[in-house]
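First comes the structure, then the notes that go with it.
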Amino acid sequence: MNKEEHIKYWLDSSEEDWISANEICQKNERKHFALFIAHLSLEKFLKALYIKKLGDVPPYKHDLYLLASKSGMKLTDENIEELKLVNEYNLQARYPEYKDNFYKKCTFDFVSTELNRINKLRQWTLDTINNTQ
């Protein structure tokens with residue numbers, strides 16, 4: 001893949017994940033999974049930005065703050081805090097007691113609010129991608 005194809009791959013994949021996250025929130029009992037998928041969606045936007053800015057394969061990491069900072073995004077303290085919060089939705093390696101407490105917290109209202117937060121971060125990232133030469 002050339003650089004533009006690689007960027008398009010990440011952007012398209014991010015959009016698919018975003019649609020899935022919202023569908024899960026609306027229809028599924030396992031709403032916590034919507035936040036996991038939304039995290040992936042934002043991660044993929046950040047990987048597209050990384051490629052666009054650096055012209056290199058992004059690191060095989062899921063840390064949103066790391067990807068944003070390595071991509072040269074201008075991060076405020078609020079951005080950093082939000083990225084680190086959303087990182088917590090990548091639950092693949094969490095302990096069972098953490099997962100159980102988190103699952104109980106994932107009501108429709110909580111997940112909807114967090115999807116709105118993630119969508120603002122996605123839009124901010126996409127705006128950065130679109131404004132990068």
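Read-outs: derived from the displayed coordinates by stated rules, not from any lab. Model, not experiment: these values are computed from the prediction. Methodologically, a virtual Cβ is constructed for each residue, glycine included, from the backbone with ideal geometry; neighbour enumeration extends over all protein chains shown.
For the stretch 68-83, the criterion of being under 16 Å from THR125 (Cβ atoms) and in contact with an Asp or Glu (Cβ under 8 Å, 6 or more places away or on another chain) is met by no residue. Checking LYS70, LYS74, LYS31, LYS47 one by one, the residue that is within 19 Å of CYS106 (Cβ to Cβ) and either of a type in the set (D, E, K, R) or in contact (Cβ under 8 Å) with a residue 12 or more places away in the chain (or both) is LYS31 and no other. Screening ARG122 against (1) loosely packed, with under 15 Cβ neighbours inside 10 Å; (2) among the basic types (Lys, Arg); (3) within 17 Å of the chain's Cα centre (by Cα) leaves a single unmet condition, (1). For the stretch 1-18, filtering for residues that are free of Cβ contacts under 8 Å to residues at least 60 places away in the same chain and touching a Ser or Thr at 6+ places or on another chain (Cβ under 9 Å) leaves 4. If you go through the stretch 17-40 one residue at a time, do you hit one that is of a type in the set (Ser, Thr, Tyr) and closer than 21 Å to ASN131 by Cβ? No, there is no match, as no residue in the stretch 17-40 is of a type in the set (Ser, Thr, Tyr) and closer than 21 Å to ASN131 by Cβ. Here ILE7, ILE24 are screened, and the one residue that is surrounded by 14 or more Cβ atoms within 10 Å (Cβ to Cβ), of a type in the set (Val, Ile, Thr) and out of contact with any Phe, Trp or Tyr (no Cβ under 7 Å at 6 or more places or on another chain) is ILE7.
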